[in-house]
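Enquirer: Below is one structure. I have some questions about it.
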């Protein structure tokens, strides 16, 4: 009897949930997104990090022109890029402009405004290459009078995104007739699938359309340019009874859509770049669409897509870190937890591919679809802090392919190593930018993220894989500073625009964030030398030993040494990123940053900054600095500051303005900040240093990693 009871007790214990572990599914499901109106700011996305498909309230892309005013209905893949023909035979070097800086003549690729030929070259290479909006897949719904349904005809909307499975269920009515659409995106293929149920199908009033736009040459491309019909070509290549292949050719770019459907269906071209899939009279219908850059692929079934989505998302949520704020009495806790869950979903869907993402992910083009490397840390570093370093490493691998161009930039400018591009494309090309050409704070990112990879398991294979790029990155960093013989020091600049992008590059030198980042990253590169049993680099040591101190005045750090009156009442530079605080945000103080001086700086910035002219990642930046200063109340106030650019929409996107309706660096930064606020840093002791210890916050977490 005793043995039976003992065995039963042991078995019962094994099947009971561990009370110390977070119920991850419960946390995720309580933030399922629910939409009940045709809200252009609440579109939802499925995808896998390298492909994304964004839908409106119908569960597909039925009204792309209507949603172009909000969060666009994009279909993008990281491989899908396009260039307009270079009819004028512009050359990249025609975008170069020479500057005399610190006694050197250095060329930068900028937005030339004259002469006309150089301006044309700058514009061409700034626009090209650009990401493609590959196509819209939506419902063609007819009203009883024969007219086509508009957004106003979609009533009784009840839409839910289940992030645990990646499933979107969309229910609505048209003239009182019910429609249900269930949408999935594959986690392994560039594919989407849906099942549709409605009496409208058998009434021949509901069909599926595939529409292919032409790209624009604009800063933003919402994928709704349905003109220029003669500049691209779309046709059905192969057709079977339940599938077909459509090819879309535009200039030198071609890609394919493989569609499959139920037996009764049939597809036909009904207009320019417009195809209609007719369900054939059934009241339920299933179809899939798979995009590819090459021929020879085959369609996938909805069952395969559904299984991929359900298993892929379950694996994701059960991996790495998790946070649970249940039981907190602070009214902000639920909103912060919502942002954390939705930001994990969105960055996994939009920013987990094999190249650095653009700031609007795979939803719509901003800055012509280009990647901004200074944002790469904010897009990707959180993966390592949340125990998922493999998702960060996927895009970090891109630097190997971009290294040769980065080497050429450094060589052209007279520096050693590699100078990482700011604004770039899939091939790592340098892009004309009058601001980006002078930014340098993207340079140490590779060292930081490589160090995060090493810290995860301290595996020598990581050192061997990344050492060459780490050392080349440090070579540039050691050759870039200017030696000031009068003060026996090295300074950054002139020829610098800091992360706070409101200074003249010709006059600016010694911004504090860049100085602190230079000091830290060169020190880490030297540690890599030692880990590999190599001698410390003497040139790096020269710079480390004599790098300018952080500039300060009246006991407060300045925005740059060249801007001594940056906080005065008349100063016009208390806008944009409060980058002076970044010298103690993602970076430790060490012996370089004085905590008392940074505390005074923090207090001044809090008082004088124009927070209405900031960006989404600035608020997590402030929270991280406050956490390192031991100010958890200020960390939360900074992270959740009530400012337009710190708005998080119902779908979880970080809204900036009517021009830039989503901004994924804000999502990634929020995750990085919360990881630090929970797990701390190498210098911080104690649990949950970013949260008040007064009992108003109940913070449970697991699987997070401390920040350096």
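The values are calculated or read from the model by the stated rules, or taken from the named source; none is laboratory data. Since the structure is predicted, the reported quantities are computational estimates derived from the model, not experimental observations. Positions of Cβ are generated from backbone atoms using ideal geometry, with glycine treated the same way; all protein chains shown enter the neighbour counts.
Enquirer: List every residue pair whose Cβ atoms sit under 9 Å apart, with the two residues 6 or more apart in sequence or on different chains, where the first one lies in region 365-393 and is at positive phi and modelled with pLDDT of 95 or more and the second, anywhere, is part of a helix (DSSP H, G or I) and surrounded by fewer than 24 Cβ atoms within 10 Å (Cβ to Cβ).
Expert: 367/126; 368/126; 368/127; 387/456
Enquirer: Now, a different point. Quick one: residue 340 ticks every box in (1) touching a helix residue (DSSP H, G or I) at 6+ places or on another chain (Cβ under 7 Å); (2) over 25 Å from residue 620 (Cα atoms) except a single one, so which number is it?
Expert: (2)
Enquirer: Could you give every pair whose Cβ atoms fall below 9 Å, whose first residue belongs to region 498-521 and is on the phi > 0 side of the Ramachandran plot and part of a loop (DSSP other than H, G, I, E, B), and whose second residue is surrounded by fewer than 24 Cβ atoms within 10 Å (Cβ to Cβ) and at pLDDT 95 or above, counting only separations of at least 6 or pairs across chains?
Expert: Going by the 9 Å Cβ cut-off, the qualifying pairs are 510/491; 510/548; 510/549; 510/551; 510/558; 510/561; 510/562.
Enquirer: What is the residue count in region 666-689 for residues that are part of a helix (DSSP H, G or I) and either within 11 Å of residue 630 (Cα to Cα) or modelled with pLDDT under 95 (or both)?
Expert: 1
Enquirer: Oh, and also: Report yes if some residue within region 598-616 is within 22 Å of residue 705 (Cβ to Cβ), touching a residue at least 40 places away in the same chain (Cβ under 8 Å) and assigned to a helix (DSSP H, G or I); otherwise report no.
Expert: No - not one qualifying residue is present in region 598-616.
Enquirer: Being touching a residue at least 24 places away in the same chain (Cβ under 8 Å), closer than 21 Å to residue 377 by Cβ and surrounded by fewer than 22 Cβ atoms within 10 Å (Cβ to Cβ) is the requirement here; does residue 489 meet it?
Expert: no
Enquirer: Right, residue 665: touching a helix residue (DSSP H, G or I) at 6+ places or on another chain (Cβ under 6 Å), in contact (Cβ under 8 Å) with a residue 40 or more places away in the chain, over 25 Å from residue 36 (Cβ atoms) and surrounded by fewer than 22 Cβ atoms within 10 Å (Cβ to Cβ) or not?
Expert: no
Enquirer: Next question, about the same structure. Condition first: surrounded by fewer than 20 Cβ atoms within 10 Å (Cβ to Cβ) and assigned to a strand (DSSP E or B). Now tell me which residues in region 637-653 satisfy that.
Expert: Residue satisfying the conditions is 647 alone.
Enquirer: So which of 157, 137 is buried (at least 20 other Cβ atoms within 10 Å of the Cβ), part of a strand (DSSP E or B), touching a residue at least 60 places away in the same chain (Cβ under 8 Å) and within 32 Å of the chain's Cα centre (by Cα)?
Expert: 137
Enquirer: Next up: Is it the case that residue 334 is modelled with pLDDT of 95 or more and within 16 Å of residue 444 (Cα to Cα)?
Expert: No.
Enquirer: Then there is this: If you check residue 176 against the conditions, is it surrounded by 19 or more Cβ atoms within 10 Å (Cβ to Cβ) and either touching a residue at least 12 places away in the same chain (Cβ under 8 Å) or farther than 26 Å from residue 268 by Cβ (or both)?
Expert: Here the answer is no, as residue 176 does not meet what is asked.
Enquirer: Kindly evaluate residue 299 against the criterion of being touching a strand residue (DSSP E or B) at 6+ places or on another chain (Cβ under 6 Å) and at pLDDT below 95.
Expert: yes
Enquirer: So residue 59 fits all but one of (1) farther than 28 Å from residue 354 by Cα; (2) in a loop (DSSP other than H, G, I, E, B); what number is the exception?
Expert: (1)
Enquirer: While we're here: Restricting attention to region 424-477, report how many residues are in a helix (DSSP H, G or I), in contact with a helix residue (DSSP H, G or I) (Cβ under 9 Å, 6 or more places away or on another chain) and over 30 Å from residue 369 (Cβ atoms).
Expert: Number satisfying all stated conditions: 11.
Enquirer: Assuming residue 399 fulfils every condition listed in (1) surrounded by fewer than 22 Cβ atoms within 10 Å (Cβ to Cβ); (2) in a helix (DSSP H, G or I); (3) touching a residue at least 60 places away in the same chain (Cβ under 8 Å) apart from one, which condition is it?
Expert: (1)
Enquirer: So, one more: Every residue in region 32-62 that is closer than 18 Å to residue 660 by Cβ, in contact with a helix residue (DSSP H, G or I) (Cβ under 7 Å, 6 or more places away or on another chain) and crowded, with 24+ Cβ neighbours inside 10 Å, please.
Expert: Within region 32-62, 43, 45, 52 qualify.
For every residue, the table says whether it meets (1) buried (at least 16 other Cβ atoms within 10 Å of the Cβ); (2) touching a strand residue (DSSP E or B) at 6+ places or on another chain (Cβ under 7 Å); (3) on the phi < 0 side of the Ramachandran plot; (4) in a loop (DSSP other than H, G, I, E, B).
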site: 238; (1), (2), (3), (4): no, yes, yes, no
site: 241; (1), (2), (3), (4): no, no, yes, yes
site: 257; (1), (2), (3), (4): yes, yes, yes, no
site: 264; (1), (2), (3), (4): no, no, yes, yes
site: 267; (1), (2), (3), (4): yes, yes, yes, no
site: 270; (1), (2), (3), (4): no, yes, yes, no
site: 282; (1), (2), (3), (4): no, no, yes, yes
site: 285; (1), (2), (3), (4): yes, yes, yes, no
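Enquirer: Another one. Taking residue 362, is it touching a residue at least 40 places away in the same chain (Cβ under 8 Å) and under 11 Å from the mean Cα position of the chain (by Cα)?
Expert: yes
Enquirer: Can you tell me which residue is surrounded by the fewest Cβ atoms within 10 Å (Cβ to Cβ) among those in region 98-119 that are touching a helix residue (DSSP H, G or I) at 6+ places or on another chain (Cβ under 8 Å) and not in a loop (DSSP other than H, G, I, E, B)?
Expert: Looking at residues that are touching a helix residue (DSSP H, G or I) at 6+ places or on another chain (Cβ under 8 Å) and not in a loop (DSSP other than H, G, I, E, B), I get 117.
Enquirer: Here are 65, 78, 92: which of them is surrounded by 11 or more Cβ atoms within 10 Å (Cβ to Cβ), modelled with pLDDT of 95 or more and in contact with a helix residue (DSSP H, G or I) (Cβ under 8 Å, 6 or more places away or on another chain)?
Expert: 92
Enquirer: Could I ask something else about it? For region 476-495, which residues satisfy the criterion of being within 28 Å of the chain's Cα centre (by Cα) and more than 15 Å from residue 441 (Cα to Cα)?
Expert: None; the set is empty.
Enquirer: Just the residues that are touching a helix residue (DSSP H, G or I) at 6+ places or on another chain (Cβ under 9 Å) and either surrounded by 22 or more Cβ atoms within 10 Å (Cβ to Cβ) or part of a helix (DSSP H, G or I) (or both), please, taken from region 522-532.
Expert: If the condition is that a residue be touching a helix residue (DSSP H, G or I) at 6+ places or on another chain (Cβ under 9 Å) and either surrounded by 22 or more Cβ atoms within 10 Å (Cβ to Cβ) or part of a helix (DSSP H, G or I) (or both), then 522, 523, 524, 525, 526, 527, 528, 529, 531 are the ones that fit.
Enquirer: I'm checking my understanding of the structure. Among residues of region 439-459 that are touching a residue at least 12 places away in the same chain (Cβ under 8 Å) and surrounded by fewer than 19 Cβ atoms within 10 Å (Cβ to Cβ), which one is farthest from residue 496 (Cα to Cα)?
Expert: 456
Enquirer: Here is a follow-up. Tally time: how many residues in region 538-574 are part of a strand (DSSP E or B) and surrounded by 15 or more Cβ atoms within 10 Å (Cβ to Cβ)?
Expert: Of the residues in region 538-574, 4 are part of a strand (DSSP E or B) and surrounded by 15 or more Cβ atoms within 10 Å (Cβ to Cβ).
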